[in-house]
1. Within the stretch 101-128, track down each residue that is farther than 30 Å from Thr219 by Cβ, assigned to a strand (DSSP E or B) and touching a residue at least 12 places away in the same chain (Cβ under 8 Å).
2. Say whether the condition of being within 21 Å of the chain's Cα centre (by Cα), under 18 Å from Glu236 (Cβ atoms), crowded, with 19+ Cβ neighbours inside 10 Å and among the hydrophobic types (A, V, I, L, M, F, W, C) is met by at least one residue in the stretch 362-381.
3. Among the candidates Arg336, Arg322, Arg406, single out the residue that is basic (Lys, Arg) and in contact with a Gly (Cβ under 9 Å, 6 or more places away or on another chain).
4. State all residues of the stretch 289-313 that are in contact (Cβ under 8 Å) with a residue 60 or more places away in the chain and either buried (at least 17 other Cβ atoms within 10 Å of the Cβ) or not in a helix (DSSP H, G or I) (or both); if no residue qualifies, say none.
5. Can you name every residue in the stretch 189-220 that is assigned to a helix (DSSP H, G or I) and either in contact (Cβ under 8 Å) with a residue 60 or more places away in the chain or surrounded by 19 or more Cβ atoms within 10 Å (Cβ to Cβ) (or both)?
6. Within the stretch 169-188, which residues are crowded, with 16+ Cβ neighbours inside 10 Å, in a loop (DSSP other than H, G, I, E, B) and at pLDDT 95 or above?
7. Could you count how many residues in the stretch 352-394 are among the aromatic types (Phe, Trp, Tyr) and modelled with pLDDT of 90 or more?
Amino acid sequence: MDLTARVEAKARAAREAASSLAVASTRAKNDALHQMARGLEEKAAAILDANRLDLDRAKSAGLTGAFVDRLTLTDARIESTAEGLRQVAALPDPVGEIVEGWRRPSGLQISRVRAPLGVVGFIYESRPNVTADAAGLCIKSGNAVILRGGSEAIESNTTIAHLLAKAVEKAGLSPEVIQYVDSADRGAVMAMLTLDRYIDLIIPRGGEEFVRLVAERATVPVLKHDKGLCHVYVDEGADVDMALAVTLNAKTHRVSVCNAMETLLVHAAIAPVFLPLAATRLQEAGVELRGDERTREVFGEARPATEADWAEEYLAPILAVRVVDDLDAAVAHIRRFGTNHTDVIVTESLASAREFLRRVNSSTVGVNCSTAFSDGYRLGLGAEIGISTSKLHAFGPMGLEELTTRKFVLEGEGQLRE
């Protein structure tokens, strides 16, 4: 069987299994999630063995340290993933929820009810822990899932997906609801993108070029997990100690992920006090600074920033720094270069905070907190299948509700349209 036929067979199997999962009880789905979490913990050694094969190949290929970090699994990361599955199990089941309802003059009762999307195609790169995150969210929201991870993590992903399917079967559900495309051939992705007979939604998660390719080629609807260019703006009169802590955490908590800060904006009035302290702390943490002319007047060790730096998602220990005149200039910069991901203001001014929240239209906007909180697990979603930078039908970290649609339910007593 050729590659296209293999992918289509997996999609067809997922479609057939999705109908039974859509009506599965909450108890059955939660049992499956607990079995999945238990499976990750019990098979942690096998997962780490598979991950070492991927890491050895990545290092031999000379891939960057940030890339290797995204690829790396540890006991702690596996345990965190398992805990995320248990958190998803503890969340309310969205399927069947009545979102709103009303009665028409005819006596017809109208309701809008949450229902599964059907089959979700998830195409992703690098981070093998998201295999379990995506599968868990799809199971709880009543969706079958077709997983296609990057070639760099094929050993890890194949091992994880196999044990998750076995865990679902232990819970009495069809293992066919979790499909994994175990081919490193890019043709497998191309095949998925046109299977709109079987797949209801494609979620691509990876680099900007990859996501654009998926969006251009797909006949299946696409919800983009796009470029993450996150900003922190330190306002005039901000608490310096808080601003230092937020800045350091936003950049260095984990530089290789999409919620890491890539550009620091600093109000001109606070720059002479804040910037030397921040720059020293960041350099001590191994971060290279690239600053505009006003930044370099305050901290001369920063490399000159180019126009390209303001639009760069480094995913590395590099930070662009710009001094701005006021909040208006900060917002204008974010609107021009931002990617609708996550942007934060550090301020003591309630008026500035409200203005920033009102005018910055990113999927996650924060006040006095790290950009690292833009994460499904940290936001109480249990996990996330991606962070949508599109605005239809989801925006921001995607949890259970974002993996459902709403259908109209009409209840009548023989009403006929006049």
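1. At the first step, the residues of the stretch 101-128 found to be farther than 30 Å from Thr219 by Cβ are 101-111.
Narrowing further to those that are assigned to a strand (DSSP E or B): 101-103, 109-111.
Across the stretch 101-128, the qualifying residues are Gln109, Ile110, Ser111.
2. The answer is no; no qualifying residue exists.
3. Working: Arg336 fails: in contact with a Gly (Cβ under 9 Å, 6 or more places away or on another chain); Arg406 fails: in contact with a Gly (Cβ under 9 Å, 6 or more places away or on another chain).
Sole residue among the options that is basic (Lys, Arg) and in contact with a Gly (Cβ under 9 Å, 6 or more places away or on another chain): Arg322.
4. The initial filter retains those residues of the stretch 289-313 that are in contact (Cβ under 8 Å) with a residue 60 or more places away in the chain, namely 311-313.
Listed by number, the residues that qualify are Glu312, Glu313.
5. Step one: of the stretch 189-220, the residues assigned to a helix (DSSP H, G or I) are 189-193, 208-217.
Selection gives Val189, Ala191, Met192, Leu193, Glu208, Phe210, Val211, Val214.
6. Once the filter is applied, which keeps residues that are crowded, with 16+ Cβ neighbours inside 10 Å, in a loop (DSSP other than H, G, I, E, B) and at pLDDT 95 or above, the stretch 169-188 yields Ala171, Leu173, Ser174, Val181.
7. Pass one, the stretch 352-394, residues among the aromatic types (Phe, Trp, Tyr): 356, 373, 377.
Add one more test, that the residue is modelled with pLDDT of 90 or more, and what stays is 356, 373.
Count: 2.
For every residue, the table says whether it meets (1) farther than 30 Å from Met192 by Cβ; (2) not β-branched (Val, Ile, Thr).
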position	(1), (2)
Leu229	no, yes
Gly237	yes, yes
Val240	yes, no
Pro276	yes, yes
Leu282	yes, yes
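The values are calculated or read from the model by the stated rules, or taken from the named source; none is laboratory data. These figures come from a predicted structure and were not determined experimentally. Don't worry about glycine lacking a Cβ; one is built from the backbone with ideal geometry, like all the others, and counts go over all protein chains shown.
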